[in-house]
Structures are given as C-alpha cells and as structure tokens.
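First the structure, in the form of structure tokens, and then the observations on it.
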Amino acid sequence: MSALLPYCPTFPSALRTESPVKVAVVGAGAIGAYVGAALHRAGAQVHLIARGPHLAAMRRDGVRVLSPRGDFTALPNATDDPSSVGPVDYVFLGLKANSYAVSAPLVHPLLHDRTAVIAAQNGIPWWYFHGLPGPYAGRRIESVDPGGAVSATLPPDRAIGCVVYAATELAGPGVVRHLEGTRFSIGEPDLTVSQRCRDFSEAMVAGGLKCPVEPDLRNDIWIKLLGNISFNPISALSRATMAQICRHRDTKALVETMMRETLEVAAAVGCHPRISVERRIAGAERVGEHKTSTLQDLEKGKPLELDVLLAAVVELAALTRTPVPKLCAVHALADLLATTTGSAA
C-alpha cells in the first residue's frame with residue numbers, strides 16, 4: 001500500500017527540533033482529522049479533540065485515511081478533554097462557524113500568549129475587517145459575530161484565516177475518505193506574511209499538503225464564497241445536486257446572478273478577485289451529482305451554516321448600499337427554511 005506522499009527525509013526546521021510544532025485540532029471531523037493525520041506524519045505533536053464513536057475509534061485505531069494518493073494510518077493523541085492537552089502553538093478549528101461563539105470550553109484551555117487560531121471556515125469570517133485599512137477598519141459583522149460573542153471567544157488578533165480546497169468525508173468512525181484537493185490557503189487578517197504563518201505552512205507541506213501563505217486571503221475567501229453562497233442555499237431549498245442545479249436553465253441563471261451580485265459586494269468592500277463566473281459555474285457542474293454541505297446538514301437535521309455564507313454578504317450589501325435583490329430573496333427563503341425545519345443555528 002503506497003504512502004500519501006513519497007517519503008521526505010528532510011523536514012522543515014520547525015519540525016526537526018526537539019520541540020516540534022504543537023497543534024490541537026478542535027473539531028476533528030473529516031477535514032480536521034485529515035489535517036491532524038498529515039501533520040502527525042510529518043513529526044508535529046498533534047492532539048485531536050473529538051467525541052463519541054469517532055473519538056473512540058481514533059483512540060483505539062488512530063486515524064485511517066483512504067485517498068487516491070495512497071492510504072495511511074496516523075496515531076496522534078485523541079481526547080475529549082482539551083485541558084489534558086494544555087497550551088499549544090496552533091489551534092486548528094474544524095468546527096462549523098456557527099459553533100465558534102460557544103467554543104470557549106474547547107479552545108481556551110489550549111491557549112498561551114502566542115497561540116494562533118487557524119479557522120478553517122467557509123464564508124465571511126468574524127475577523128474580516130480586523131487589521132484591514134479603509135472606511136470599515138475594525139467593524140464587526142453582526143451576522144457572523146452577534147454581539148461580539150465570537151470575538152470574545154476567539155480574539156481576532158489570534159486569528160489566521162484558512163480557505164480549504166480539499167474535499168473529505170467520514171467513511172466511518174476514525175476513517176477519513178480524502179476525495180480530492182490538498183490545498184489549505186492561509187493568511188493574516190492584517191495583510192502581513194508572518195512567521196507564524198510561514199511556520200505552520202512548513203509543517204503542513206512536510207505533511208504532504210499544500211499551504212500557500214497569501215498576502216491577502218480575502219481574494220480566496222470571495223472566490224470560494226461564490227460557489228457556497230449560491231449552490232448551498234439553492235440545494236437546500238430544492239434538494240438538488242450541483243449538477244442538477246446547473247442543468248436547470250432558470251436555477252443556473254439564478255446562480256449566475258447571485259455570483260455577480262456577490263462580486264459587486266466584494267468590490268464595494270475593496271476586494272476585486274479575478275474570477276470568471278462562467279468558469280466557476282462550469283467547474284461546479286463538473287463536480288456532478290454532489291450534495292452541498294448545507295443540503296447534507298439539512299438532511300441530518302443539523303444547523304445550517306448560512307449566516308457566514310449568505311446573511312453576512314446581505315449585511316455587507318446593506319452597509320455599502322449595494323443592490324442585491326436575488327441574494328436578499330434567496331436569503332429570506334433559506335432563513336425561513338432553517339426556522340421551519342428547526343435547523344437554525
């Protein structure tokens with residue numbers, strides 16, 4: 001059985017010391033366990049924070065990764081008690097963004113003065129205007145940080161942004177199926193290229209993952225959001241796969257309009273990602289009969305992660321007086337769906 005990557009005899013300097021990078025993965029689900037397993041293989045000191053049968057399986061058998069790049073098993077520490085881990089260098093958040101405000105019991109025991117929190121989330125992050133010059137510097141986005149609850153739990157100066165381009169799923173307790181992609185772009189809110197980002201990037205690369213440090217991660221945030229903001233709520237409302245949405249003439253047109261409105265909001269807050277809407281839709285159609293994460297959550301009765309995907313952009317549109325009629329209409333319907341199905345966060 002082949003390894004995930006060819007064996008690399010020379011790891012980055014951060015991992016060759018007697019004190020390897022110490023990482024806690026809070027919410028070690030499909031993405032979190034995959035990252036933790038890769039880091040552990042590279043020599044990082046990894047602690048997976050999880051619960052239930054998934055935790056029991058990882059404690060017993062480790063994390064088994066099934067991947068087109070080669071299967072492997074990693075045996076990092078796994079626990080449901082972060083206080084038993086103590087302070088770490090990095091907390092990698094694998095939680096849904098709608099859990100951030102109540103994550104203090106899981107995160108705070110892991111912090112020391114310099115601990116960075118890497119938030120692997122979709123959508124608009126709570127730190128979006130932190131460290132960003134311009135008319136909205138330091139402004140709080142209520143949709144993603146209601147009453148400042150997230151900032152109180154996860155201070156923005158600890159945050160390192162992360163946009164995930166890997167697709168994984170839990171094939172069973174303790175078993176991660178890696179479907180495609182290994183890129184985890186990271187970046188500082190204040191547009192600097194920091195040493196803490198470079199060190200984490202080196203650890204990820206040593207584990208076989210791509211982890212570019214972007215001077216302005218907000219471009220990646222908006223590019224990925226184009227798909228999430230349109231396909232995710234439409235799929236939940238229609239119960240359709242991505243390919244079905246693209247094959248239906250009117251919903252495909254709706255997706256295109258929502259994407260164009262989203263790019264107008266991005267421009268209004270000073271971000272101008274270079275992306276073709278047509279190519280973005282074509283790429284989504286090639287994914288095929290895939291259910292978005294929002295539709296999967298709806299089917300499982302889980303809260304719908306729509307505040308950071310849709311409500312935040314509608315809020316930014318209002319802030320910047322940018323007309324977004326289609327986004328507003330879909331947001332109203334999706335919000336009603338979440339309320340009537342009991343799937344509201």
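The values are calculated or read from the model by the stated rules, or taken from the named source; none is laboratory data. Predicted model only: the values in this text are computed from it and were never measured. So basically every Cβ, Gly included, is an ideal-geometry build from the backbone, and we count neighbours across all protein chains shown. Just the protein is used for accessible areas: all its heavy atoms, side chains included, with ligands, DNA and RNA removed. Shrake-Rupley method; radii C 1.70, N 1.55, O 1.52, S 1.80 Å.
General observations
- Carbon/sulfur fraction of accessible area - the chain, other protein chains in place, 1.4 Å, %: 53
- Eligible lysines near LYS291 by straight Cα distance, threshold 23 Å, same-chain separation 8 or greater: LYS96, LYS224, LYS252, LYS300, LYS302, LYS326
- Long hydrophobic helices in the chain: the complete DSSP H runs spanning 20 Å or more by Cα along their own axis with mean Kyte-Doolittle hydropathy of at least -1.0 are 218-238, 249-268, 325-340.
- Peptides ranked, highest mean first, by Cβ atoms within 10 Å: ranges 235-241, 124-130: 124-130, 235-241
- Label-point separation, GLU285 to ARG321 (7 Å along Cα→Cβ), nm: 3.8
- For region 115-270, the solvent-accessible area of protein heavy atoms averages 36 Å² per residue (probe radius 1.4 Å; ligands and nucleic acids excluded).
- For LEU132, the residues whose modelled amide H falls within less than 5 Å of its own, excluding neighbours fewer than 5 places apart on the same chain, are GLY138.
- Mean Cα-pair separation over length for the chain, i.e. relative contact order, pairs under 8 Å, 6 or more apart, %: 16
- Pairs of Cα atoms farther than 20 Å apart, region 86-241, %: 54
- Cα Rg, Dmax (largest Cα-Cα span) when computed across region 257-336, Å: 13.9, 37
- Net charge over other residues, Cβ less than 11 angstrom from the Cβ of ILE141 (K, R count +1; D, E count -1): -2
- Whole-Å distance, taken between Cα centres, linking region 121-155 and region 158-223: 20
- Potential extension, HIS248-LEU336 segment - 0.36 nm per residue separation minus Cα distance: 29.3 nm
- Space enclosed by the convex hull of the alpha-carbon atoms of the chain, per residue, Å³: 132
- Charge tally in the Cβ shell below 14 Å around VAL193, where Lys, Arg are +1 and Asp, Glu are -1, VAL193 excluded: -4
- Once you reduce region 305-334 and region 21-86 to the center of their Cα atoms, the two points are 36 Å from each other.
- Each peptide among 304-311, 85-92 gets the average number of other Cβ atoms lying within 10 Å of its residues, and from highest to lowest they stand as 304-311, 85-92.
- Region 251-299: Cα Rg divided by the 2.2 N^0.38 Å rule of thumb: 1.34
- Cα-Cα separations in region 51-128 greater than 20 Å, expressed as whole percent: 46
- If you take all other residues with their beta carbon under 11 Å from the beta carbon of GLY181, and give Lys and Arg +1 and Asp and Glu -1, the sum is +2.
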